Each structure stands twice: as C-alpha cells, then as structure tokens.
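S.K.: Right, I'll just put the structure down here and ask away after.
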Amino acid sequence: MAEEKKIIIDEDWKSQVAAEKEKAAHEPPEKPAEDAGSTEYPPASLGVLITSLATEAMIAMGQIPHPMTGEPAPDRQQARFTIDLLEVLQEKTKGNLDADEEAGLRDLLHQLRMAFVTLQ
C-alpha cells in the first residue's frame, strides 16, 4: 500500500495577517514616492532669478530653441520686455548688491543688449 502524504495546513496564517493589519494601522503612512519626472530646484536667489530672466530673453531672441517646440522662435517684443525687466531689477537693487552680483548683472545686460541689436 502506498503511503498517503500527510497534508499540513498552516492555520496560523490568519492570525499573522490580522497582526500585520493591526501593526500597519498604528504605523504612520509612508510618504508617497516622488514623481519620476519631479525636478530638484535650486534655492531661490537673486542669481537664479537673473538667470531665469536671461534664459527667457535668449529664447525670445531665438538664441536658444523654444523648450516646447525645440525650434527657435524669435519674438522681439518679448525679448525687449525681458531685457527691460532685468534693467528694472538692476535699478531697483542698486546699492544692495555685492560687487560680484552687480558686475554680473551689468555684464549680462550688456551681452543681452548686444544680442538684441543684432536681431533682424
């Protein structure tokens, strides 16, 4: 006669599941995972603001491809407006910038103005 295998049933699994549920109910919820496409931003600063406006001006002058289309999209009015914004920033911060910030903004405005006059 063939021996029948004895089947062992683990009845304890229900109590383990219940214990895990109880433990999970008392633990704080985990933070949701960061979006895969999330971007790390630098700390807000005057330099970041100036760089952002300068980039916008270069896009408007067609020197950098438009981020949405990948094609240059010159817009003289937008370029002029953005350069004017940087000039307002320079005027309003006069006397409050350190020497490096002041020189950097002055040089950047000069370069943007020279690029603007070469637009057709």
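The values are calculated or read from the model by the stated rules, or taken from the named source; none is laboratory data. Because the structure is a prediction, the values reported are computed rather than measured. Virtual Cβ from ideal backbone geometry, glycine too; neighbours counted across all protein chains shown.
S.K.: Limited to region 63-84, what total is found for residues that are touching a helix residue (DSSP H, G or I) at 6+ places or on another chain (Cβ under 6 Å), surrounded by fewer than 16 Cβ atoms within 10 Å (Cβ to Cβ) and in a helix (DSSP H, G or I)?
M.R.: 1
S.K.: For Thr118, only one of the following conditions fails: (1) hydroxyl-bearing (Ser, Thr, Tyr); (2) in contact with a helix residue (DSSP H, G or I) (Cβ under 8 Å, 6 or more places away or on another chain); (3) at pLDDT below 95. What is its number?
M.R.: Of (1) hydroxyl-bearing (Ser, Thr, Tyr); (2) in contact with a helix residue (DSSP H, G or I) (Cβ under 8 Å, 6 or more places away or on another chain); (3) at pLDDT below 95, only one is false for Thr118: (2).
S.K.: Quick check on region 49-86: of everything there that is free of Cβ contacts under 8 Å to residues at least 12 places away in the same chain and of a type in the set (Gly, Ala, Ser), which residue is nearest to Arg113 (Cα to Cα)?
M.R.: Checking each candidate, the answer is Ser52.
S.K.: Kindly indicate the residue of region 85-120 that is part of a helix (DSSP H, G or I) and among the acidic types (Asp, Glu) and also farthest from the chain's Cα centre (by Cα) among those meeting that condition.
M.R.: Glu91
S.K.: Out of the residues in region 85-120 meeting the condition of being under 17 Å from Ile50 (Cβ atoms) and of a type in the set (S, T, N, Q), tell me which one is surrounded by the fewest Cβ atoms within 10 Å (Cβ to Cβ).
M.R.: My answer is Asn96.
S.K.: Give me the pairs, please: first residue somewhere in region 98-111 and at negative phi and of a type in the set (Gly, Ala, Ser), second residue anywhere and surrounded by 11 or more Cβ atoms within 10 Å (Cβ to Cβ) and assigned to a helix (DSSP H, G or I), beta-carbon distance under 8 Å, and either six or more positions apart or on two chains.
M.R.: If the second residue must be surrounded by 11 or more Cβ atoms within 10 Å (Cβ to Cβ) and assigned to a helix (DSSP H, G or I), the pairs left are Gly104/Gly47; Gly104/Ile50.
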